[in-house]
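See structure below.
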Amino acid sequence: MVGLERGGGEKGLGRALAASSGGGDMTFKLVLLRHGEGAWNKENRFCSWVDQRLTPNGIKEAQTCGKVLKEAGFEFDLVFTSILSRSIETSWLVLQEMEQEWVQTESSWRLNERHYGALIGLNRAELASIHGEEKVKLWRRSYDITPPPIDESHSHFHEIYNDRRYNYCDVAKEKLPKAESLKEVLDRLLPYWYDVIVPEIKKGKCILISAHGNSARALLKHLEGIPDDEIVNVTLPTGVPVLLELDENLHPVRPHRFLGNQEAIQAAIKKVEDQGKAAAPGKNISVSAN
Ligand SMILES: O=C(O)[C@@H](CO)OP(=O)(O)O
């Protein structure tokens, strides 16, 4: 298997199926992706189910991702996205860069970003200066802590729940979440994973999942068996492809790998982690900390 040295070391990684040395067992390759930077990523606000477009930088990130995947030789058979524009737009840009725009795409709310409840729209750094960085880290990265739920008084409530896209979900609108822990994200994602995505992987299809920081983390936790208290340390940067290689039981044959310039990727991870550092208190912050 090809290593990940910079300067073309990822070439050849993209074959959908590879025989492992000796036994001839099949290895399935799956690429997980967090969308490119969106407007509220840049403003350091919890974006979650608010629909945001990519920034010019986010567009570049998605295009770079497409270049990396193209150079590595990936040929996708199927793409899955959430129903939020930033994940769909990212998949378009990736496929365009790879000259694979024709690849069939399916979208589901079950791949949406985690529902951040009452935290939606708030600035992470301002929140950290009020509630402390530890509390914000727990809200952002813990496994089973659910933030306070969104209610009708929230300035983005109606924008989210009156959005026509949620008329087409496989659950009634009233049953859609009002806040989610990472565990709750996994609970709503797994039926889609097992019923829709897994059968396609098992057919040998090369699959791209263009999702979000926390829906991708939830899936990664599930596939790699990351313990509840260790998932807090897993952060995904925007627009960086994550390669997973799975055996026929969909157990990983090696740890996930970020594809691309490793130094730039580490810097991007740090940037996302630093979003939760405290800043001078801002004005419009009101959320009950419990
Ligand atoms: O804003 C959000 O919904 C997510 C990132 O998409 O934020 P965080 O990185 O804090 O989980």
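The values are calculated or read from the model by the stated rules, or taken from the named source; none is laboratory data. Computed from a prediction, not measured in an experiment: that's the story for all the values here. All Cβ positions, even for glycine, are placed from backbone atoms using ideal geometry, and neighbour counts span all protein chains on display. These accessible areas exclude ligands, DNA and RNA; they are computed on the full protein's heavy atoms, side chains included. Shrake-Rupley method; radii C 1.70, N 1.55, O 1.52, S 1.80 Å.
Observations, loosely collected:
- Of all residues in the range 211-245, those being more than 13 Å from the ligand (Cβ to nearest atom) and either within 24 Å of Asp77 (Cβ to Cβ) or among the hydrophobic types (A, V, I, L, M, F, W, C) (or both) number 12.
- Residue identified as in a helix (DSSP H, G or I) and out of contact with any Pro (no Cβ under 8 Å at 6 or more places or on another chain) among Ser129, Ser153, Ser91: Ser91
- Number of positions in the range 171-183 that are open to solvent by 60 Å² or more (accessible area, probe 1.4 Å) and free of Cβ contacts under 8 Å to residues at least 40 places away in the same chain: 2
- So Thr81, is it within 14 Å of the chain's Cα centre (by Cα) and either open to solvent by 30 Å² or more (accessible area, probe 1.4 Å) or more than 16 Å from Asp170 (Cα to Cα) (or both): no
- Taking first residues from the range 251-265 that are free of Cβ contacts under 8 Å to residues at least 12 places away in the same chain and partners that are β-branched (Val, Ile, Thr) and exposed (fewer than 13 other Cβ atoms within 10 Å of the Cβ), no Cβ contact under 6 Å between residues at least 6 apart in sequence or on separate chains turns up.
- Odd one out for Val94 among (1) farther than 18 Å from Val185 by Cβ; (2) open to solvent by 10 Å² or more (accessible area, probe 1.4 Å); (3) hydrophobic (A, V, I, L, M, F, W, C): (2)
- Of all residues in the range 132-150, those satisfying the criterion of being open to solvent by 40 Å² or more (accessible area, probe 1.4 Å), part of a loop (DSSP other than H, G, I, E, B) and not charged (D, E, K, R) are Ile145, Thr146, Pro149.
- Considering the range 128-140, the residues that are of a type in the set (Lys, Arg) and within 11 Å of the ligand (Cβ to nearest atom) include one that is nearest to Asp151 (Cα to Cα), namely Arg140.
One line per residue, one yes/no per condition, for (1) under 19 Å from Lys178 (Cβ atoms); (2) among the hydroxyl-bearing types (Ser, Thr, Tyr); (3) at pLDDT 95 or above:
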site	(1), (2), (3)
Ala39	no, no, no
Thr55	no, yes, yes
Leu95	no, no, yes
Glu106	no, no, yes
Leu119	yes, no, yes
Leu122	yes, no, yes
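- Residue in the range 111-127 that is more than 14 Å from the ligand (Cβ to nearest atom) and either closer than 22 Å to Cys169 by Cα or among the hydroxyl-bearing types (Ser, Thr, Tyr) (or both) present: no
- Residue in the range 69-85 that is out of contact with any Asp or Glu (no Cβ under 7 Å at 6 or more places or on another chain), within 16 Å of the ligand (Cβ to nearest atom), of a type in the set (A, V, I, L, M, F, W, C) and more than 21 Å from Ala268 (Cα to Cα) present: yes
- When restricted to residues that are farther than 19 Å from Thr238 by Cβ, out of contact with any strand residue (DSSP E or B) (no Cβ under 6 Å at 6 or more places or on another chain) and either within 13 Å of the ligand (Cβ to nearest atom) or of a type in the set (S, T, N, Q) (or both), the range 92-110 contains 2.
- Qualifying residue in the range 79-87 (condition: part of a helix (DSSP H, G or I) and farther than 28 Å from Leu182 by Cα): no
- Condition met for Tyr168 (surrounded by 15 or more Cβ atoms within 10 Å (Cβ to Cβ) and not acidic (Asp, Glu)): no
- Residue selected from the range 43-60 under the condition away from the ligand (no atom under 11 Å from the Cβ) and over 23 Å from Trp109 (Cα atoms), by the criterion surrounded by the fewest Cβ atoms within 10 Å (Cβ to Cβ): Pro56
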